[in-house]
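One structure is given here, and the rest of the page talks about it.
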Amino acid sequence: MLVLGIETSCDETAVALVEDGVRVRSNVIGSQVDVHRPFGGVVPEIAARAHLEMLLPAVDRALVEAGATYADLEGVAVTAGPGLVGALLVGVAGAKSIALAHDLPFIGVNHLEGHVCATQLEYGLLDPPLLALIVSGGHTSLVRLDASGTFSTIGATIDDAAGEAFDKVARFLGLPYPGGPEIDQLSRTGDPTAIAFPRAMLGDGTYDFSMSGLKTAVIRELRRRDAADEEIVLSDVAASFTEAIVDVLVAKTLDAAAAEDIGTVTLVGGVAANTRLREAMTDGCARTGRRLLLPQPVLCTDNGAMIAAAGFNRLVAGQRTPLDLDADPGLGFSPLART
Ligand code: KG4
Ligand code: ZN
């Protein structure tokens with residue numbers, strides 16, 4: 001089954017064609033990062049307008065790159081939420097039009113479910129139970145997929161997302177947006193033990209996260225050193241900050257996997273591209289005898305292929321979404337009904 005996947009929840013205009021939920025035939029990702037960079041973050045109205053300009057050319061390109069036409073499509077999947085409402089609306093309207101014009105089965109997909117399903121593009125159809133750590137600019141969540149196909153959130157950030165923390169700290173350090181890759185690069189030459197930043201909510205018995213205290217701790221430490229005329233080695237700050245985030249993310253994921261007795265862990269979302277996080281999660285899973293599924297970075301960041309994959313799972317289970325679907329910026333998980 002060839003499914004067209006459309007993703008416009010944030011600042012990537014992404015369209016892909018995926019065969020049988022696992023084989024990526026094309027994966028077009030139109031990044032708006034240059035458009036938002038001068039503002040140091042994503043501007044919702046600008047994102048929506050850029051999606052409007054970029055969406056249909058991206059659909060055309062995805063078809064051409066896959067060597068397919070509309071007549072080859074067997075389903076259309078789109079991110080229905082969560083995300084920026086104006087941005088979501090563009091993708092939802094575009095996907096509905098294509099489904100209507102070509103009389104195709106249509107399915108609205110939860111963005112976080114899409115991130116989890118990115119895993120199947122590299123490792124084959126998912127074999128639950130599975131625990132996913134989703135870490136991006138908008139989300140930091142531990143999600144469980146159980147054998148019946150039900151997704152549930154077992155922990156989430158109570159303030160900033162992990163990527164947001166990377167971006168805000170990077171901005172304070174004078175690095176360009178998005179800051180995650182910049183801090184990753186800087187950290188490689190830094191000492192992760194140079195500064196003992198706090199490990200928020202570690203060992204508190206929940207699977208929730210808090211990132212904003214760490215960001216404040218970094219800013220306070222830099223100001224203190226500046227006032228005391230102490231040397232500031234940016235690579236040490238970057239490495240120590242990364243280590244504090246990674247420690248908590250990995251420890252909580254492994255604790256949750258043990259408590260829920262889940263043998264397979266997957267790491268997805270933009271921050272899953274982080275070198276130190278990939279390394280630490282790989283070590284942690286090996287140490288505790290868990291299988292780690294770690295998709296390549298291009299499948300971890302927002303893309304249309306993950307939406308096509310999640311849509312495929314639901315379409316083959318007989319689910320359809322009516323064409324009056326509305327974008328929902330706060331969309332939660334819904335059960336994958338097997339009919
Ligand atoms: O999943 P994504 O592409 O978009 C959202 O849904 O947010 O994630 C983007 C986020 C940004 O905050 C970016 O700084 C972060 O992922 N990021 C990284 C790295 N690459 C991207 N953070 C840390 N290390 C990286 N290598
Ligand atoms: Zn995302």
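Descriptive notes on the structure:
- Filtered residue count, the range 47-87, keeping only those that are hydroxyl-bearing (Ser, Thr, Tyr) and without any contact (Cβ under 8 Å) to a residue 12 or more places away in the chain: 1
- Scope the range 160-179; condition within 16 Å of ligand 2 (Cβ to nearest atom), open to solvent by 50 Å² or more (accessible area, probe 1.4 Å) and part of a loop (DSSP other than H, G, I, E, B); matching residues: none
For (1) under 22 Å from Gly138 (Cβ atoms); (2) touching a Lys or Arg at 6+ places or on another chain (Cβ under 9 Å), each residue gets a yes or a no:
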residue	(1), (2)
Val3	no, no
Cys10	yes, no
Thr13	yes, no
Asp20	no, no
Val42	yes, no
Glu65	no, yes
Ala80	yes, no
Ala87	yes, no
Ile98	no, no
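- Residues of the range 143-159 that turn out to be within 15 Å of ligand 2 (Cβ to nearest atom) and either within 19 Å of Met281 (Cα to Cα) or in contact with a Cys (Cβ under 9 Å, 6 or more places away or on another chain) (or both), as a count: 3
- Enumeration of residues in the range 76-134 that are small (Gly, Ala, Ser), more than 16 Å from ligand 1 (Cβ to nearest atom) and surrounded by 22 or more Cβ atoms within 10 Å (Cβ to Cβ): Ala77, Gly94, Ala95, Ala99, Gly108
- Going through (1) closer than 25 Å to His111 by Cβ; (2) at pLDDT 95 or above one by one, Ala258 falls short only on (1).
- Pair list, Cβ < 6 Å and 6+ apart or interchain, from the range 282-293 residues that are in contact (Cβ under 8 Å) with a residue 40 or more places away in the chain to residues that are open to solvent by 60 Å² or more (accessible area, probe 1.4 Å): Leu293/Tyr123
- Qualifying helices (runs of 4 or more DSSP H) (wholly inside the range 271-339; at least 2 residues being away from ligand 1 (no atom under 16 Å from the Cβ)): 275-287, 304-316
- Asp236 being outside any helix (DSSP H, G or I) and charged (D, E, K, R): no
- Here Asp283 qualifies as among the acidic types (Asp, Glu), surrounded by fewer than 18 Cβ atoms within 10 Å (Cβ to Cβ) and within 29 Å of Gly179 (Cβ to Cβ).
- Within the range 31-46, residues that are not assigned by TED's automatic domain parsing to the domain that holds Val169 and hydrophobic (A, V, I, L, M, F, W, C) sit with their Cβ atoms under 7 Å from residues that are open to solvent by less than 40 Å² (accessible area, probe 1.4 Å) and in a helix (DSSP H, G or I), at 6+ positions apart or across chains, in these pairs: Val35/Ala50; Val42/His36; Val43/His36; Ile46/His36.
- Residue within the range 189-201 that is open to solvent by 50 Å² or more (accessible area, probe 1.4 Å), on the phi > 0 side of the Ramachandran plot, touching a residue at least 40 places away in the same chain (Cβ under 8 Å) and not in a helix (DSSP H, G or I) present: yes
- Taking first residues from the range 150-163 that are over 19 Å from Val250 (Cβ atoms) and partners that are more than 15 Å from ligand 2 (Cβ to nearest atom) and in a strand (DSSP E or B), the Cβ contacts under 8 Å between residues at least 6 apart in sequence or on separate chains come to Phe151/Arg144; Phe151/Leu145; Ser152/Arg144.
The values are calculated or read from the model by the stated rules, or taken from the named source; none is laboratory data. Worth saying up front: this structure is predicted, and the values here are computed from it rather than measured. Here Cβ is always computed from backbone atoms with ideal geometry, including for glycine, and neighbour counts include all displayed protein chains. Heavy atoms of the whole protein, side chains included, go into the accessibility calculation; ligands, DNA and RNA do not. Shrake-Rupley method; radii C 1.70, N 1.55, O 1.52, S 1.80 Å.
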